[in-house]
Amino acid sequence: MECCDKSIVLRWAQSPPVPQGTKPLPHQVAGHVFGRDNGHKKNKIGFLQSEDGCVLKPVLGPKKGLREVDFYKRVYDTNCDDDVLLRLRQFMPGYLGVWNTPEHPGLSYLKLEDVTRKFMKPCIMDIKVGPITYDMEADPEKIKREKSKFPALEEVGFQVVGIKVYMPATDSYKTVERTFLRALDKTTILTQGISQYFTPDGVLEVQLVKAVIEKLRQIEAWFLSQRKYTFIASSLLFTYDGKALHDYKTLKKPSDSSHGHNVHGKVAENSVENSLSILNGAIIKVDNVYDSIAEVRMIDFTHVFQVNNCHDENYLTGLQSLIRYLNDLIINISESSQISS
């Protein structure tokens, strides 16, 4: 498989063509944005969305790009019998192969599940995990560049690279750019960064934070159980449905009626707490709402390497730090009573 070569980068430096049947990925907070200068190389090749709703990620590098393709193929191989990889699938986007188009000669794309597609108003946060974001093949210039991106990384253990939140009060999105997030320190990354993702109405969604922590604990358990792979500069993609969250909170509000009402105005049986709510056309138990409207997936596998019987301490350090930060978010905000239960 060929990847993007220098001639393609130069030819598309001004205006890369959008392939027929695709469009620039609409809900994106990090990574290569199609049509915009990307990274120090300033090419304008980026993520696309196919007409069937899948994510198309350009295979760039070429070495690191092919490494990611190979990793997806290994994990999703129909003949895979490696329990470590089989258990990893639940935490990754689905893999649908490699996509090519004659409009982008010499360039291939990974075709992946869009985990936001099922949500009406997806809220997104991208967090790169681990205090070290460069691999053993990095040259001094690369190491210096990575360390300068987020000066507090060594203390924090992770970096928030983008946030996009649906604001129901105005029926619009708020975006927190990576330039702002990179300027934060080990304290403000929580109070001015992460907290924005979990406060679409200005108050902390405690149950949503708890649901996300539980999902992170499951990923942590996988990392503690495996000693075969190390993940460098890999990210966690957080998503939840802002519209479903708003509808559920509206459903929970007391009314003059003795019965609760679902988002379509139909009377729900018994109390809200004991009934079934209809959200996004799917029937789910109310006590599982927050778990059902939120997703956490591992993404970005260009720097995944096999190791010889050792834990991925870099990833675990970042992941466990993130879990502590989220627990602190609940504790700190709860003390000031700025919460939504």
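Some notes on this structure:
- Over 25 Å (Cα to Cα) - which of 63/186; 174/243; 186/228 fall in this group: 63/186; 186/228
- Net charge of the neighbourhood of residue 228, taken over other residues with C-beta under 13 Å away and scored Lys/Arg +1, Asp/Glu -1, is 0.
- In segment 118-199, GluC sites (Glu not before Pro) in a DSSP loop with at most 14 other beta-carbon atoms within 10 Å: 137, 177
- Couplings for segment 77-91, taken from phi via the Karplus curve 6.51 cos²θ - 1.76 cosθ + 1.60 with θ = phi - 60°, read 4, 4, 9, 5, 10, 7, 4, 4, 6, 4, 6, 6, 3, 5, 9 Hz in order; Gly and Pro are left as x.
- Rounded percent of accessible protein surface that carbon and sulfur make up, segment 154-254, 1.4 Å probe: 51 percent
- You can think of it this way: the chain between residue 146 and residue 306 has 55.4 nm of extra reach, that is 0.36 nm per residue less the Cα-Cα gap.
- Peptides ranked, highest mean first, by Cβ atoms within 10 Å: ranges 162-172, 126-136: 126-136, 162-172
- Rounded to whole Hz, the Karplus (6.51, -1.76, 1.60) HN-Hα couplings of segment 302-312, x for glycine and proline: 6, 10, 9, 10, 7, 10, 9, 6, 8, 5, 7
- Extending 7 Å from the Cα toward the beta-carbon at both residue 100 and residue 84 defines two label points whose distance is 3.2 nm.
- Charge tally for residue 61 (other residues, Cβ to Cβ under 10 Å; Lys, Arg +1; Asp, Glu -1): +2.
- Links that overshoot a 29 Å alpha carbon limit, given the list 118/210; 64/164; 23/215; 73/215; 44/215; 57/215: 23/215; 44/215
- Amide H within-cut-off set for residue 173, under 5 Å, with H built and near neighbours excluded: 167
The values are calculated or read from the model by the stated rules, or taken from the named source; none is laboratory data. Because the structure is a prediction, the values reported are computed rather than measured. Positions of Cβ are backbone-derived with ideal geometry, glycine not excepted, and every protein chain shown enters the neighbour counts. For accessibility, only protein heavy atoms count, side chains too; no ligands or nucleic acids. Shrake-Rupley method; radii C 1.70, N 1.55, O 1.52, S 1.80 Å.
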